[in-house]
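Everything on this sheet refers to the single structure shown next.
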Amino acid sequence: MKLLFVADPLHTFKTYKDSTFAMMREAASRGHELWACEPQDIIWQRGGQVQAQSRRITLTGDAHDWFAEQEAAEVTLASMDAVLMRKDPPFDAEYLYTTHLLTQAEREGARVFNKPQALREHPEKLAILEFPLYIAPTLVTRSIEAVRAFHATHQDIILKPLDGMGGMGIFRVKEDGLNLGSIAETLTKDGQQTIMVQKFLPAIAQGDKRVLLIDGEPVPYALARIPQGGEVRGNLAAGGKGVAQPLSESDWAIARHLGPILAARGLLLVGLDIIGEQLTEINVTSPTCFQEITQQTGWDVAKRFIDALENKLQAQQA
């Protein structure tokens, strides 16, 4: 099969932990052809189909110079067996425009994973609003007064932008309310930008768990990202320590409820973020943690993902 990965620049990959690289490595081991492009390489013009200036690559096995370019060509997305949208956030206007181009490619016959419409409809912070029974007390607002009232009720809170990743822009304000006004004004740009505010969950000390769903089925191990050195953020990009562990009973309950719902919407791969027993985010753009889970448990996440992709393509062809 020919697989086109829409991703960040290949030279920026940290292959020792990158989940897109893990997908590529597993696909290549099965003889699949690897192509790659970036979102800005995708174009459409009246009278033609959605295309992308792409590179066909092979994997070298070298940790640094990990790929070799075999050819460069403008390819039609519909000519690929699958297009995998793996661009990291931010989930901004340019990201949305790319999903619209990918939807047009679907109209022309392309098979895109995750489904572009589902990506648009599940912004990673806001997607949890659909499942209030599983989430902590949460506020979505651009009102600084609403933030103050939420803090008065819950005392210890977390504030974060809606388009961040890797823990960027996350603040904790404790009972004393120190700097609450300044933080709220900065994050909301003086009331012009919407943010999310949540009650602080002490269970973060045991880790912010990433639970992966592949075609609706939970991977049986989560990666608990444990804050280090006085940090409140468990994100690996913020210095958190990743510890793989079996899913808890509450993890299974959340995953089994959400899995079939999200898979039916065209989300082949989803990353649920769970602190304690509370769902905090639903990641659909480029969920990670494949390699950490596999290395620590032996459960091959990339193999399961490529199995699911092949099964999905075979079912669509049938």
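The values are calculated or read from the model by the stated rules, or taken from the named source; none is laboratory data. Just so we're clear, the structure is a prediction, and the values are computed from it rather than from any experiment. With ideal geometry, Cβ positions are generated from the backbone for all residues, glycine too; neighbour counts draw on all protein chains shown. To get the accessible areas, we keep the full protein, side chains included, count just its heavy atoms, and leave off ligands, DNA and RNA. Shrake-Rupley method; radii C 1.70, N 1.55, O 1.52, S 1.80 Å.
Table for the structure above
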read-out	value
0 to 90° range, to nearest 10: angle between helix 249-264 axis and the chain longest Cα axis	50 degrees
For the stretch 1-76 versus the stretch 78-111, the gap between their alpha-carbon centres in whole angstrom	14 Å
Taking the convex hull of Cα positions in the stretch 161-209, its mean projected area over all directions (nm²)	4.0 nm²
Principal semi-axes in Å for the stretch 1-151 [√(5λ), Cα gyration tensor, largest first]	34, 20, 14
Integer Hz, Karplus 6.51/-1.76/1.60 couplings in order for the stretch 301-308, x for Gly and Pro	5, 4, 4, 5, 5, 5, 4, 5
Accessible carbon and sulfur surface of the stretch 26-102 relative to its total accessible area, %, 1.4 Å	46 percent
Calculated from backbone phi, Karplus (6.51, -1.76, 1.60) coupling profile of the stretch 287-294 in Hz, x at Gly/Pro	x, 10, 5, 3, 5, 4, 5, 5
Amide H partners (placed H, <5 Å) of Ile135, local residues excluded	Leu279
DSSP bridge orientation in the stretch 1-73 - percent antiparallel, rounded to nearest 5	70 percent
Cα long-axis angle, helix 19-29 against the chain (0 to 90 degrees, to the nearest 10)	20 degrees
Ordering of 41-54, 186-199 by burial proxy (mean other Cβ atoms within 10 Å per residue, highest first)	186-199, 41-54
Residue among Pro137, Pro287, Pro39 with the largest mean-square fluctuation in a Gaussian network model of the chain, springs linking Cα atoms under 10 Å	Pro137
Sequence of Tyr134, Tyr16, Tyr95 from largest to smallest accessible area, 1.4 Å probe	Tyr16, Tyr134, Tyr95
The chain - charge dipole about Cα centre, Lys and Arg +1 at Cβ, Asp and Glu -1, debye rounded to 20	260 debye
Trp35 - accessible surface, heavy atoms, 1.4 Å probe, Å² rounded to 10	10 Å²
Lysines whose Cα lies under 24 Å from that of Lys160, excluding same-chain neighbours fewer than 8 positions away	Lys87, Lys125, Lys174, Lys189, Lys199, Lys209, Lys241
1.4 Å probe accessible area per residue over the chain, in Å²	45 Å²
Rounded accessible area of Arg111 (nearest 10 Å², 1.4 Å probe)	60 Å²
The stretch 164-269, relative contact order in percent, only Cα pairs under 8 angstrom and at least six apart counted	25 percent
Burial ranking of peptide ranges 170-183, 153-166 (average Cβ count within 10 Å, highest at the top)	153-166, 170-183
Relative contact order (%) - criterion: Cα under 8 Å, at least six apart; region: the chain	18 percent
Glu106, Glu74, reordered so the largest accessible area comes first (probe 1.4 Å)	Glu74, Glu106
